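Throughout, read-outs are computed from the coordinates displayed, never taken from laboratory work. Being a predicted model, the structure only gives us computed values, none of them experimental. Glycine also receives a Cβ, built like all others from the backbone with ideal geometry; neighbour counts cover every protein chain displayed.
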Amino acid sequence: MTPRGGELILTRSDALQRLNTVFRDLFEDDGIEVHDKMTAEDVDGWDSVTHITLVLTTEREFGVKFSAAEVGALKNVGEMIDLILARSKK
Amino acid sequence: MSFTSLTFVLFAIVAIAALRFSPHGPPKKFVTLLLNAVFLTSFLSSPIEVIPLLAFVSAGFLAIRTVRTIKIPFALAIFIALFIGAFAWLKQYPLFGWFGLATLPIMVIGLSYILFRILHLLIDVAQGTSECPPIIDYFCYVLFFLNLVSGPIQRYEDFASEMNSPPVQSTSDDIYLSIHRIVLGYFMIVVMSTIATEFMDLGRPMLSAALVRGGTLDVVRIYSLLISVYLLNIFANFAGYMHVIIGIGGLAGIRVPENFNHPLAAKNLGDLWARWHMTLSSWLKTYLFNPLLKTMVGRWSSPAAAPYLGAIAFFVTFLVVGFWHGTTFQFFVYGVVMGIGITSHWLWQHGLSRRMGKKRYRELCARPWYYELSRAATLSFFAVAMTCIWISSLDLSRLFEFRNSVAVVVSFAFLTVAGAAFGGVWDSIRDRLVARVSWLGQGRGPLRLLRAFEPWILCAVAGALLEGAVLEISGATAASSITHSAVTIGTFTALFTAALVAGGVFDPPMKVLLQGSPESPNKNDALAVWLGLRIFIVLNFQILLASAVPTFIYRAF
Amino acid sequence: MKLIRLPLICLATVLTLYIGAVVISSAIFGYFGVGRALDVSSPSTYAVFGDTGFSADVYNRLPLAKPGDHIVLIGASNMVPIPTNIVASRLGHGAVSNMSIDGSTVQDWPRIVSLAYEMISKADYRHTTFVAGVWYGTFLSEGASVTSPLNNELTRFGIYKHDRTGRVILAIPQSMLPIALLGVRPFILSSRIWESLGYANLTVSRAALSGSKIAGGADVFSRNVAVVDTAARRAMLLDLRNTQPHAVANNAFVALGDLAQTISQSGGRLVIVDLPIPSWHAQGAPAFADYQKRKGFFLQQILQIPGVSYVNMQSGFPDDDFYDSVHPKPIAAVAWAKRIGDGIRGAIGSPD
């Protein structure tokens, strides 16, 4: 995180890295490398139920809350990162 | 107005012209509002009937407007509960019925869909994802005539972008595709669904009789036939209607979301619901399944519990699907059966992939025999579940008797095995047919023409053999002379081929044959004539079967 | 706009195909000769319109529009087989049509008459003679029998519609009716084809659902050689006694009287022909005795209406003419037709 005028700003690479840790813990796979275009197809065990666990863990990790529509519209990791960054600014 | 009436055709033409040629923004919205009003009014026999509906929709707007600013705790939850309650009251659900609406004539067409549109906006605005729409846009969206009766549940943002941004440039290929979809849709409704409905009408009394005094084998035979035909019936009716709607939207320059994606190719029950009535499952996933599961997991988080919480969430979601489809006890049973099915599928999938390891599970799913069996079991289960929709309540209670329940299970097993075998054969033939289509239309001169007629010849022979065999086995031709049988078979084959032409089955080879060189400016003209021929055939069927065309899907919700 | 080219070509194709279909179906109608006369007795009419009288009566009315004299036969199933060309040969001139409907009662005939009047030109109303073939069976019902299927046929293609009270009326101006009847021809043919297939497919569906083979249907052409033996006669009479009323309906004679008034007021004529039934049937049916008893008084009244005459055909035809208790064999129908023709000529003189 880069300090700027007293505030800690979240950068994209930071977010990506932290999200990677979340993925690795949740899916019990140290080989996961998240990237923007990654979807549920690319990860074994990422189904409708673990998706919700993922969302919940992500919300807790970054201290944000997603709305129902936002969760429903997520298509890939990249969009998830965008959402995290957008929410973190508020 | 009925979708197969001349009034609707004229209305659609006017709507298409009005929407396509009105500039985006306020003029388009005004035109849409007018069209919505005209369409809605066509269902009324007196103005009073529409008041509850309009009140419901207007209340929706007020709620959406105030949900963020109102200083009540849990405002969103209260509003949601109020709207669902009002919906249940207006639709006369059992527990709400006695609050006195039973005798009044109210129009509740499309209320189920309207409820979901209002809830979606309510939740999105409350959670900050969207802004409250302007009142004109709101009324355009909630009462949009294409989506009103049975239409896809479109998200507000998508609809708004259609209204506000200039339409994407349509090419003549787009126009062709839209008209093709309209013709295909009408074909599915007017021909396939009508014939299937007549079969159902024939078979229902026979089933009733067999449930009471027939043998188990009789029940199995009749029940298997009826549920298979009903599955095709509802698919032809619903998906056909969607084709018409999306085609009209395409001509008008408005994108309407898809609701079906080859559901008959579904791998399992979960996949089926991702292909059948897609906008419904997508809505429920976003606004019911996800939040519900999130709440449960948040409260009882443990990695082991999550799959079972998922099963509960699935069950509840499909229970709601049952309730949403209808107000009677049968729909509750439908929801329960579907819930059990989905939960079983989920637990099976989860359990098996855990046991075998994810990679081996995927390999298993890809094996043809597993795929065919899984698909056949899915469709058979779906067909059994949908019994609740067409069967009478008396017969439904009879189905639960031991002997008849056994028959249901045997029917399911039989259809699964037969379906898997048929699916296997079909898939292997289809690949070869597709390979042949690309071979068609090649070569020069008369050879090209001859090859182009191959589909007809194949169809004619197949149809004749099929009908001949069926007539012979059933004994229908026993008393007729050879000439009479030959004429019957010949006529049937001709009609069968005409129906396939109308349904667009021969479009791929005709496209190859007729389009000539891709550079010619009027390459679509010959195709347009072909499309005109298809329209003419469907119109003929429509006039022939006019009195028999079912409209059950349109009025169900 | 270029985009409109495709839909316009589609529309043009549909219209061209439709006009082509009308032309082709008219050619087929011509080949079968149904355009010459509206005759429910002819095999051509059966081939094109099916074996119920409804379709022909509704859609084959164009011959009625021809200027000149018209003789229109109406009645029930025993009037259906009467061939119009035989009747015409006894009359010398005038166009003879047969609009009888199987199963109709006397209360149905005003509707058929009104259908005829829709096509006959007003100038020819006074040159129109209706010939009603009665027998006691047409007087047994309190009301009309075939309204429902007739209405179904009328409203099938939208030429007629239900008004607010449920009555079936013309949906188009009467002047457009001939064009509509012409334009509907392709659909008549296609529905005919569909029906003939429908029977086959219905049989198949039933067989599939019931798991057993279905027996075939009966043969119409065996009627000419049918013999009604004593046992069959007894069975038929027993059946009649159990199913039929034993007396004529109260308003049936009145209905015929009203019809006579209507026809007379339009300037036309009505010839009532009393059709024969086998002697064993006459002796065994109580309703026939009632009919014979009551018709004298009624005939006295009705014959006072101008233009109404009566021809009694009840005697002079052997029992062998019938293939069941009521209906003439096809050969016998020819003899009946000659007698009817002579009777009409005798009743009204030469048509003027």
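Here are some notes:
- Residues of type aspartates and glutamates that B:Lys511 reaches as a straight line, Cα spacing below 20 Å, ignoring anything fewer than 8 places off in the same chain: B:Asp173, B:Asp174, B:Asp431, B:Glu454, B:Glu519, B:Asp525
- Computed over chain A, the percent of Cα pairs more than 18 Å apart is 41.
- Likely footprinting exposure, C:Tyr31, C:Tyr160, C:Tyr323, fewest C-beta neighbours within 10 Å first: C:Tyr31, C:Tyr323, C:Tyr160
- Put a dot 7 Å past the Cα of C:Ala247, heading toward its Cβ, do the same for B:Val425, and the two dots end up 6.7 nm apart.
- Given chain B, longest segment not containing exposed loop trypsin sites (Lys or Arg not before Pro) (DSSP; at most 12 other Cβ within 10 Å): B:72-443
- The mean count of C-beta atoms from other chains within 10 Å of the C-beta of residues in B:534-541, rounded to a whole number, is 4.
- Taking 7 Å steps out from each Cα toward its Cβ at C:Leu8 and C:Ala171 produces label points 3.0 nm apart.
- 10 Å beta-carbon shell around B:Arg155, net charge (K/R +1, D/E -1): -2
- Shape metrics for chain C, restricted to C-alpha atoms - Rg then Dmax, Å: 22.1, 81
- Of all DSSP bridge pairs formed entirely within the protein assembly as shown, close to 25 percent run antiparallel.
- Segment B:6-164: translational diffusion in µm²/s, Stokes-Einstein, Kirkwood Rh over Cα pairs, 10 °C, 1.306 mPa s: 95 µm²/s
- DSSP beta bridges in chain C [antiparallel fraction, %, rounded to 5]: 15 percent
- With R₀ fixed at 25 Å, the C-beta to C-beta distance from B:Ala81 to B:His262 puts the FRET efficiency at about 0.10.
- At an R0 of 30 angstrom, the distance between the Cβ atoms of C:Tyr125 and C:Asp321 translates into a FRET efficiency of 0.30.
- Rg [Å, one decimal], Dmax [Å, integer] - segment B:156-300, C-alpha atoms: 20.5, 64
- Bins of 10 Å, starting at 0 and running to the largest distance - Cα pair percent for segment C:220-352: 11, 33, 35, 18, 3
- Net length gained if the chain between B:Val336 and B:Ala418 were fully extended (0.36 nm per residue, minus Cα distance): 26.9 nm
- Exposure proxy ranking for B:Phe43, C:Phe322, based on other Cβ atoms within 10 angstrom of each Cβ and starting from the fewest, stands as B:Phe43, C:Phe322.
- Structure remark: mean-square fluctuation, Gaussian network model of chain C, C-alpha springs under 10 Å; the largest value among C:Arg111, C:Arg164, C:Arg185 belongs to C:Arg164.
- Taking the alpha carbon gyration tensor of segment B:302-424, multiplying each eigenvalue by 5 and rooting it gives semi-axes of 28, 21, 11 Å, largest first.
- Scanning chain B for GluC sites (Glu not before Pro) that sit in a DSSP loop and have at most 16 other Cβ atoms within 10 Å, the longest stretch containing none of them is B:259-400.
- Considering only beta bridges that DSSP places wholly inside segment C:18-168, some 10 percent are antiparallel.
- Cross-link reach list, lysines versus B:Lys359, counting only Cα pairs under 22 Å and skipping chain neighbours closer than eight places: A:Lys37, B:Lys267
- Residue order for B:Leu40, B:Leu465, C:Leu38, C:Leu6, fewest other beta carbons within 10 angstrom first, comes to B:Leu465, B:Leu40, C:Leu6, C:Leu38.
- Each 20 Å bin from zero up to the one holding the largest Cα-Cα distance in the protein assembly as shown carries the following percent of pairs: 10, 33, 33, 16, 5, 1, 0.
- Placed amide H near C:Val271: partners under 5 Å, 5+ positions off or other chain: C:Phe130, C:Val131, C:Ala132, C:Ser309
- Expected-Rg normalisation [2.2 N^0.38 Å, Cα atoms] applied to segment B:52-97: 1.24
- Note on segment C:69-202: Cα-only Rg and Dmax are 16.4, 48 Å.
- Mean per-residue shielding of peptide A:47-59 is 6, counting Cβ atoms of other chains within 10 Å of each Cβ.
- Entries in A:Lys89/B:Lys285; A:Lys65/B:Lys294; C:Lys295/C:Lys338; A:Lys89/B:Lys294 that, when Cα-Cα distance is taken, lie over 21 Å: A:Lys89/B:Lys285; C:Lys295/C:Lys338; A:Lys89/B:Lys294
- The convex hull defined by the C-alpha atoms of chain B has an orientation-averaged projected area of 31.0 nm².
- For segment C:323-335, the Karplus equation 6.51 cos²θ - 1.76 cosθ + 1.60, evaluated at θ = phi - 60°, returns couplings of 9, 8, 7, 9, 8, x, 5, x, 5, 5, 4, 5, 5 Hz by residue, with Gly and Pro reported as x.
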